[in-house]
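These notes are about the structure you will find just below.
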């Protein structure tokens, strides 16, 4: 990861841990993902983003209903099928087919706490569940 992206990841993590990290759900956000887990019928284990071909940085636009990978999958854009705000949480859901990678399709939810900027990702295929935690700031 180049110096710019490393600095951005640290900045996002620090900003989301601050008490003043409100996120405006109506504006574009940059989100950093980390602390990945993969669970199967045999149990759960910690994995890296590269182990599961997941991006570390995302640009999320709830108005346009898009999620764009801006690292670890540059140019990949996913359409959000559902976007709702419930009790200070921006909840966004979508689904992807396996594409050319040959991987299983994936249904996913991104939940952003609009008060703290904290992010939780959950995704499921037919044989595994993926989870990640992170932070978002307005773009």
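The values are calculated or read from the model by the stated rules, or taken from the named source; none is laboratory data. In this text the structure is predicted, and so the values were computed from the model without any measurement. Because the Cβ atoms are built from the backbone with ideal geometry, glycine has one as well, and the counts that use them run over all protein chains shown.
Would you point out the residue of the range 117-136, among those that are over 12 Å from the mean Cα position of the chain (by Cα) and outside any loop (DSSP other than H, G, I, E, B), that is surrounded by the most Cβ atoms within 10 Å (Cβ to Cβ)? That would be 124.
This table checks each residue for (1) modelled with pLDDT of 90 or more; (2) assigned to a loop (DSSP other than H, G, I, E, B); (3) surrounded by 14 or more Cβ atoms within 10 Å (Cβ to Cβ).
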position	(1), (2), (3)
6	no, no, no
19	no, yes, no
46	yes, no, no
75	no, yes, no
79	yes, no, no
100	no, no, no
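Within the range 114-137, the set of residues being closer than 16 Å to residue 83 by Cβ and touching a residue at least 60 places away in the same chain (Cβ under 8 Å) comprises 114, 119, 121, 136. When residues in the range 54-71 are screened for being touching a helix residue (DSSP H, G or I) at 6+ places or on another chain (Cβ under 7 Å) and in a loop (DSSP other than H, G, I, E, B), 2 of them pass. Going by the conditions given, is residue 31 farther than 25 Å from residue 78 by Cα, modelled with pLDDT of 90 or more and not in a loop (DSSP other than H, G, I, E, B)? Against the criterion (farther than 25 Å from residue 78 by Cα, modelled with pLDDT of 90 or more and not in a loop (DSSP other than H, G, I, E, B)), residue 31 does not qualify. When the range 50-65 is filtered for residues that are in contact with a strand residue (DSSP E or B) (Cβ under 6 Å, 6 or more places away or on another chain), buried (at least 17 other Cβ atoms within 10 Å of the Cβ) and under 18 Å from residue 106 (Cα atoms), the ones remaining, listed by number, are 55, 56, 58, 60.
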